[in-house]
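Take a look at the structure set out below.
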Amino acid sequence: MTQLRVYLPVRDLQPQFAAYLATPTRARGYPPFRGQHSLIIEVAPALSIHRIVDLALKERPDLEPGILFTERNFGLLELHADNMDDLDKAGQAILKGIGAKPEDQLTPETLFHDIIEDLSDQHAIILNRSRDASILVPGVSLLIYEMQPALFACVAANEAERAAPNAAINDVQMMGATGRIFMSGTTSDMEEARDAITACLQAVKGRAK
């Protein structure tokens, strides 16, 4: 049986997050662009994600898969399109095919968040060695936010950028045991971003782990 873990429609991809998804380490398929919409799905067991791809693309052949990835236990898929209706139709075909509904996904859980003000230069340097998005500079405020399942970092990062468009996305860790977001800017922007992430996660309807 295929277990639905994450079912995430992401509307109106923001510029930085779309660029992050389009990097070669993320979009091994078709890169998304700002203003497009995305559907991100995670299932278990991992290889059942290929049935998800089959259901989606046979329903809407023009959809573009950006990410198709299998971890040890979970498989994930990112699809994007200009028209949200196409993604909705593909999503309905997926849910019907595996006998699930959106509320069968896991409820996201916030594990930790903090805002570090006046980031030191040594701290910025060591973080820059592993970040995948914009560079960190000393003196900014740094927002760190951790949640599970990891894929919820995607919709959370997009909503954080929407709430604080002048902030910089430094990293979005969307695969693995937990999801992590690193953003930087003014303290007030980081507070806006933090509150947007919290509200976004709290609005998701799902089942307990």
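Worth a mention:
- Filtered residues of segment 1-19 (kept if more than 13 Å from the chain's Cα centre (by Cα), assigned to a strand (DSSP E or B) and surrounded by fewer than 18 Cβ atoms within 10 Å (Cβ to Cβ)): Q3
- Residues in segment 44-81 that are closer than 18 Å to Q148 by Cβ, surrounded by 22 or more Cβ atoms within 10 Å (Cβ to Cβ) and among the hydrophobic types (A, V, I, L, M, F, W, C): F74, L76.
- Residues in segment 20-43 that are of a type in the set (S, T, Y) and crowded, with 22+ Cβ neighbours inside 10 Å: Y20, S38.
- In segment 96-107 there is at least one residue that is surrounded by 13 or more Cβ atoms within 10 Å (Cβ to Cβ) and out of contact with any strand residue (DSSP E or B) (no Cβ under 9 Å at 6 or more places or on another chain).
- Against the criterion of being touching a Leu at 6+ places or on another chain (Cβ under 6 Å), part of a helix (DSSP H, G or I) and not assigned by TED's automatic domain parsing to the domain that holds I49, A93 does not qualify.
- Residue check, R72 of a type in the set (K, R), more than 29 Å from A164 (Cα to Cα) and in a helix (DSSP H, G or I): no
- Candidate set from segment 96-136 (those that are among the acidic types (D, E) and in a helix (DSSP H, G or I)); member that is nearest to F182 (Cα to Cα): D121
- Of all residues in segment 128-149, those satisfying the criterion of being touching a strand residue (DSSP E or B) at 6+ places or on another chain (Cβ under 7 Å), in contact (Cβ under 8 Å) with a residue 40 or more places away in the chain and not hydroxyl-bearing (S, T, Y) are R131, D132, A133, L136, V140, L142, L143, M147, Q148, P149.
- So I181, is it touching a Leu at 6+ places or on another chain (Cβ under 9 Å), surrounded by 17 or more Cβ atoms within 10 Å (Cβ to Cβ) and among the β-branched types (V, I, T): yes
- Only one entry in D104, D132 is charged (D, E, K, R) and closer than 21 Å to I49 by Cβ, namely D104.
The values are calculated or read from the model by the stated rules, or taken from the named source; none is laboratory data. Since the model is a prediction, treat every value here as computed from it, not as a measurement. For neighbour counting, all protein chains shown are included, and Cβ atoms are generated from backbone atoms with ideal geometry for every residue, glycine included.
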